[in-house]
Structure formats: structure tokens, C-alpha cells
Amino acid sequence: MSNKLVCCFSASGVTEKKARALAKAVGAGYYSINPVPPYTPEDLKWTNPLARCNREWLKKSAPPLSDLDAPVKDADEILLCFPIWYYTAPLIVKRFMESYDFSGKTVLLFATSGGSDMKRVIKTLAPAAPGASLKLGCMLNGEDAPDRWRALAEQG
Ligand SMILES: Cc1cc2nc3c(=O)[nH]c(=O)nc-3n(C[C@H](O)[C@H](O)[C@H](O)COP(=O)(O)O)c2cc1C
């Protein structure tokens, strides 16, 4: 059996709740990806053109990571969870991937959203993880699906 690690970025808690349930379902460790400084509710108001989220997106500038302590090297399979931002993975998730060596590992992608799908996430993240095998997991919106999650993780 492979050693699995859930790595999760969650700005307002929705993805974190799902990712913790996913970690429990597949028997994986859990690591939280945190920006410095953390996002405030004000920072996330994407309807405001001057909000931090929009300024970062326009500049393609991800915030720094709080630490580089994710035990990626001990894992064969990473289950990477994040909210969909601007129809794809947030910039900080790309920065997280660029900050570790994922070569030879499977990275299975999971997301929450307000309705968008995951179609664009592999294109966004693949350049950040050369040598890794990036695969679509599933959206985590809606009901928890531990059996489906376990099946996806076992294939990975
Ligand atoms: C900056 C920003 C951009 C977003 N862009 C999208 C989007 O393109 N499509 C979508 O369906 N939801 C979008 N959302 C909604 C989030 O994906 C959704 O609320 C998610 O579940 C939040 O997860 P979290 O609580 O873990 O941060 C966006 C939210 C924010 C803050």
C-alpha cells in the first residue's frame, strides 16, 4: 500500500472540511498549505476589483508559504485539495508544487467550487511539478463520498 498525504489549501474552510474527511477515508496524513499573511474575508471579496485576491491574480503573484514542512518526500501519493479560483487552481497551490520535488510521485487533484469544474487544473499545475504524474481526482462539492475517494486513491 502506498503512503498517502493530503495537502490542502483552503481560504475559508470549505475545502479543509472536505480534505480532512478525505484524509480520514483513505488513511492519509494531513498538511495545511498556508499563505503569509492568511487571507481575511475582505481579501477574498472577488467582486471588489481592489481585493487582495484580484490584485494577486492580475499580477500572477502568489503569496509566500508559511513553511516548507509538508512531508512530501515520505509520500508516494499526494492528494492535493484546493478551491477553484478563477476557473483553475489558486496561485498559491502552484507555488506549493514548485517548492517541493514531486518527481516520481502521483498527485491526485481534488477541489471545491461554487460550480466550476476541474478541467483547467492539470494544465495550470503540470509545469510546476516536472516528473510527477498529475491525475484528476474529483470535485468534493456535495455529499462526502468515502467509497469513491478510496477507489480513486487506490488507482492513483
Ligand atoms: C478569489 C476567488 C475566486 C473564485 N473563483 C471561482 C471560480 O472561478 N469558479 C467557482 O465555481 N468558484 C469560485 N470561487 C468560489 C470557491 O471556489 C468556493 O467558494 C470554495 O468552495 C471555497 O473554498 P475554501 O472555503 O476552502 O476557500 C472563488 C472564490 C474566490 C475567493
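The values are calculated or read from the model by the stated rules, or taken from the named source; none is laboratory data. In this text, all values refer to a predicted model and were calculated from it rather than measured experimentally. All Cβ positions, glycine included, derive from the backbone under ideal geometry; neighbour counts span all protein chains shown.
Things to note:
- Hits in region 73-92 - residues which are within 8 Å of the chain's Cα centre (by Cα), within 11 Å of the ligand (Cβ to nearest atom) and hydrophobic (A, V, I, L, M, F, W, C): Cys81, Phe82, Ala89
- Only one of the numbered conditions (1) near the ligand (Cβ under 8 Å from one of its atoms); (2) modelled with pLDDT under 95 is not met by Ser2, and that is (1).
- The number of residues in region 10-54 that are touching a residue at least 60 places away in the same chain (Cβ under 8 Å) and touching a Pro at 6+ places or on another chain (Cβ under 6 Å) comes to 2.
- In the set (1) in a loop (DSSP other than H, G, I, E, B); (2) in contact with an Asp or Glu (Cβ under 8 Å, 6 or more places away or on another chain); (3) buried (at least 18 other Cβ atoms within 10 Å of the Cβ), the condition left unmet by Ala62 is number (3).
- Between Ala21, Ala25, Ala70, the distinction of being part of a loop (DSSP other than H, G, I, E, B) and out of contact with any Gly (no Cβ under 7 Å at 6 or more places or on another chain) belongs to Ala70 only.
- The residue that is surrounded by the fewest Cβ atoms within 10 Å (Cβ to Cβ), counting only those in region 8-38 that are of a type in the set (Ser, Thr, Tyr) and near the ligand (Cβ under 8 Å from one of its atoms), is Ser12.
- Test: Ala62 is of a type outside the set (D, E, K, R) and within 15 Å of the ligand (Cβ to nearest atom): yes
- The sole residue among Arg52, Arg95 that is among the basic types (Lys, Arg) and near the ligand (Cβ under 10 Å from one of its atoms) is Arg52.
- Test result for Val36, within 15 Å of the chain's Cα centre (by Cα) and β-branched (Val, Ile, Thr): no
- Residue check, Glu98 buried (at least 16 other Cβ atoms within 10 Å of the Cβ) and acidic (Asp, Glu): no
- Residues being charged (D, E, K, R) and not in a helix (DSSP H, G or I) - total across region 84-134: 5
- Scoring Ile84 on the criteria (1) surrounded by 15 or more Cβ atoms within 10 Å (Cβ to Cβ); (2) in contact with a Phe, Trp or Tyr (Cβ under 6 Å, 6 or more places away or on another chain) leaves a single failure, condition (2).
- In region 100-128, the residues that are without any contact (Cβ under 8 Å) to a residue 24 or more places away in the chain reach residues that are in a strand (DSSP E or B) with C-beta atoms within less than 6 angstrom, at least six apart or across chains, in these pairs: Ile122/Leu134; Ala126/Leu134.
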